[in-house]
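All remarks here apply to the structure that follows.
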Amino acid sequence: MERVVVIDFETTGLSPAQGDRATEIAAVIVHNGSVLDRYQSLMNAGVSIPSHIQNLTGISSAMVRAAPSAARVMREVFEFVGDLPLVAHNASFDSKFWDAELERLGLHRRQAFACSMLLSRRILPQAPSHKLEALAEFAGLPSKGRFHRALADAEMAASLLLRLEEELGRQFGVHDVSHALLRRIQKAPKQELRRILDELPERTPPTIMSAR
DNA sequence: TGCCAGGCCCTCTTTAGGGCCTT
């Protein structure tokens, strides 16, 4: 797969439209089955963190007060990500915060998101839950640290993405999956997924390695 | 006082309701 960036936000709540702000972000560049580079930082948006969120993430108001400004962090991660396509687990959530935090700086998103949750619902429909933590256990992915911290969750979502890519090859014979194809798959009606993948020009039969 | 997210997806559906998932 082309290089993609898996991102994860920790925030003060669920909705930037309701005044919630980002408190931490991580971005992981993935290419050819492995992590090439990482960015992670807490950020100070000048807000306090509700107690139930502190309990969930372990991120306290004191921790973000000591962190660099949200503006500085978002500019850094915007540069780090560049034009690479984005992936997140439940991307409708992270894309809202990505757009809202950039908007405050007069910046705008340059690329589309793919969603590892929507993909896992199609490629691993037998999983008992499609929460990131539950999928990690279901798929036997190695631990990346405490869940609900940005870098651990971004790395876990990256591992999940690589597993999903393997499953596309194993189940459907689809290899070298592009970000654009991931977005097609995540939007495909479940009942039509196999037909859609069978008709892909990208689909290639398993290759036979020849000795040189 | 009472309200307070929103997109996806399933079903007892489409003139709707409710669970999942993110913090």
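For A:ILE196, the conditions (1) in a helix (DSSP H, G or I); (2) under 23 Å from A:LEU56 (Cβ atoms); (3) not charged (D, E, K, R) are fulfilled apart from (2).
The residue of region A:68-125 that is farthest from A:ASN44 (Cα to Cα), among those that are in contact (Cβ under 8 Å) with a residue 40 or more places away in the chain and among the small types (Gly, Ala, Ser), is A:SER120. The residues of region A:1-22 that are near DNA strand B (Cβ under 8 Å from one of its atoms) and not in a loop (DSSP other than H, G, I, E, B), listed by number, are A:ASP8, A:PHE9, A:GLU10, A:THR11, A:ALA17, A:GLN18.
Does A:ARG38 satisfy being more than 21 Å from A:GLU133 (Cβ to Cβ) and either of a type outside the set (Phe, Trp, Tyr) or not in a loop (DSSP other than H, G, I, E, B) (or both)?
Working: more than 21 Å from A:GLU133 (Cβ to Cβ): no; either of a type outside the set (Phe, Trp, Tyr) or not in a loop (DSSP other than H, G, I, E, B) (or both): yes.
No, not satisfied.
If only residues of region A:1-32 that are in contact with a Lys or Arg (Cβ under 6 Å, 6 or more places away or on another chain) and farther than 18 Å from A:GLN111 by Cβ are counted, the one that is surrounded by the most Cβ atoms within 10 Å (Cβ to Cβ) is A:THR12.
Out of A:ILE59, A:ILE25, A:ILE29, A:ILE53, I need the residue that is part of a loop (DSSP other than H, G, I, E, B), touching a residue at least 40 places away in the same chain (Cβ under 8 Å) and of a type outside the set (Ser, Thr, Tyr). Which one? Unique residue meeting the criteria: A:ILE59. Here the condition is being of a type in the set (Gly, Ala, Ser) and surrounded by 17 or more Cβ atoms within 10 Å (Cβ to Cβ); of A:ALA154, A:ALA112, it holds for A:ALA154 alone. The set of residues in region A:150-168 being more than 19 Å from A:ASP94 (Cβ to Cβ), touching a residue at least 12 places away in the same chain (Cβ under 8 Å) and out of contact with any helix residue (DSSP H, G or I) (no Cβ under 7 Å at 6 or more places or on another chain) consists of A:GLU165 alone.
Restricting the search to region A:88-98, which residues are within 11 Å of DNA strand B (Cβ to nearest atom) and either of a type in the set (Ser, Thr, Tyr) or not in a loop (DSSP other than H, G, I, E, B) (or both)? Quick ask: steps written out before the conclusion?
From region A:88-98, those within 11 Å of DNA strand B (Cβ to nearest atom) are A:88-97; that's our starting set.
Hits for region A:88-98 are A:ALA88, A:ALA91, A:SER92, A:PHE93, A:ASP94, A:SER95, A:LYS96, A:PHE97.
Could you please find all residues in region A:110-136 being more than 13 Å from DNA strand B (Cβ to nearest atom) and touching a strand residue (DSSP E or B) at 6+ places or on another chain (Cβ under 8 Å)? Don't jump to the end; show me each part of the working.
Filtering region A:110-136 for residues more than 13 Å from DNA strand B (Cβ to nearest atom) gives A:110-111.
Within region A:110-136, just A:GLN111 meets the criteria.
Does A:LEU197 satisfy being surrounded by 13 or more Cβ atoms within 10 Å (Cβ to Cβ) and in contact with a helix residue (DSSP H, G or I) (Cβ under 6 Å, 6 or more places away or on another chain)?
Values: surrounded by 13 or more Cβ atoms within 10 Å (Cβ to Cβ): yes; in contact with a helix residue (DSSP H, G or I) (Cβ under 6 Å, 6 or more places away or on another chain): yes.
For A:LEU197, the condition - surrounded by 13 or more Cβ atoms within 10 Å (Cβ to Cβ) and in contact with a helix residue (DSSP H, G or I) (Cβ under 6 Å, 6 or more places away or on another chain) - is met.
Of the listed requirements (1) within 22 Å of A:GLN186 (Cβ to Cβ); (2) over 16 Å from the mean Cα position of the chain (by Cα); (3) not in a loop (DSSP other than H, G, I, E, B), A:LEU102 misses just one: (1). Each residue in region A:137-153 was checked for being under 13 Å from A:ASP8 (Cβ atoms) and more than 9 Å from DNA strand B (Cβ to nearest atom), and 5 pass.
None of the figures in this text is laboratory data; all of them are computed from the coordinates on show. It should be emphasised that the depicted structure is a prediction, and the values quoted were computed from it without experimental measurement. Virtual Cβ from ideal backbone geometry, glycine too; neighbours counted across all protein chains shown.
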